[in-house]
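The values are calculated or read from the model by the stated rules, or taken from the named source; none is laboratory data. Just so you know, these numbers come straight off a predicted model, no measurement behind them. Here Cβ is always computed from backbone atoms with ideal geometry, including for glycine, and neighbour counts include all displayed protein chains. Heavy atoms of the whole protein, side chains included, go into the accessibility calculation; ligands, DNA and RNA do not. Shrake-Rupley method; radii C 1.70, N 1.55, O 1.52, S 1.80 Å.
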Amino acid sequence: LYKREEEVVVKEVSKEEDDARQAEEKLKQCQAAAKRLDNALLVFRRFISEGIELRSPVTKDEIVSEVARQLNVNIYPDNLHLVSPLSSLGEFEVPLRLPRDIPRPEGKLQWTLKVKIRRP
């Protein structure tokens, strides 16, 4: 039996078009991750020593690992603007340092991550 050969259409894409497409996809992924971080509430459970002071404060590295575990978003410690570790119970808004090409949420000056620390 005779089978016709299938024609394969190959579209040639220039390097500039490919780079632009990859940059656009990366920007969309960053925007989705930023929205996910901004809408999320990260919860830590800690024991207290006296009053509302924690036995072990919550550090940048712990926040980064919990974001990866709870939200499936990989960030770097440099992306968090945390001057000192969180050392008391309560809710906190940690400012995020994200690339400038990601548009900020409406009505807000910057991206934030909500962190709640409570007793176990």
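Structural descriptor for the chain: relative contact order 30 percent, calculated from alpha carbon pairs under 8 angstrom and at least 6 residues apart.
Among 112-120, 65-73, sorting by the average number of other beta carbon atoms lying within 10 angstrom of each residue, highest first, gives 112-120, 65-73. A 1.4 Å probe run over the chain, with the rest of the protein chains in place, finds 79 Å² accessible per residue. Of all DSSP bridge pairs formed entirely within the chain, close to 70 percent run antiparallel. In whole percents, the pair-distance distribution calculated for the chain from its alpha-carbon pairs, binned every 10 Å from zero, is 11, 34, 23, 13, 8, 6, 4, 2, 0. In region 76-118, which GluC sites (Glu not before Pro) fall in coil by DSSP and have 13 or fewer other Cβ atoms within 10 Å? For GluC sites (Glu not before Pro) across region 76-118 that sit outside H, G, I, E and B with at most 13 neighbouring Cβ atoms in 10 Å, the list reads 106. In region 41-118, the portion of solvent-accessible area held by carbon and sulfur atoms comes to 49 percent [1.4 Å probe, whole percent, DNA, RNA and ligands not counted]. Rounded to the nearest 0.05, the FRET efficiency derived from the C-beta distance between residue 72 and residue 50 at R0 = 41 Å is 0.70.
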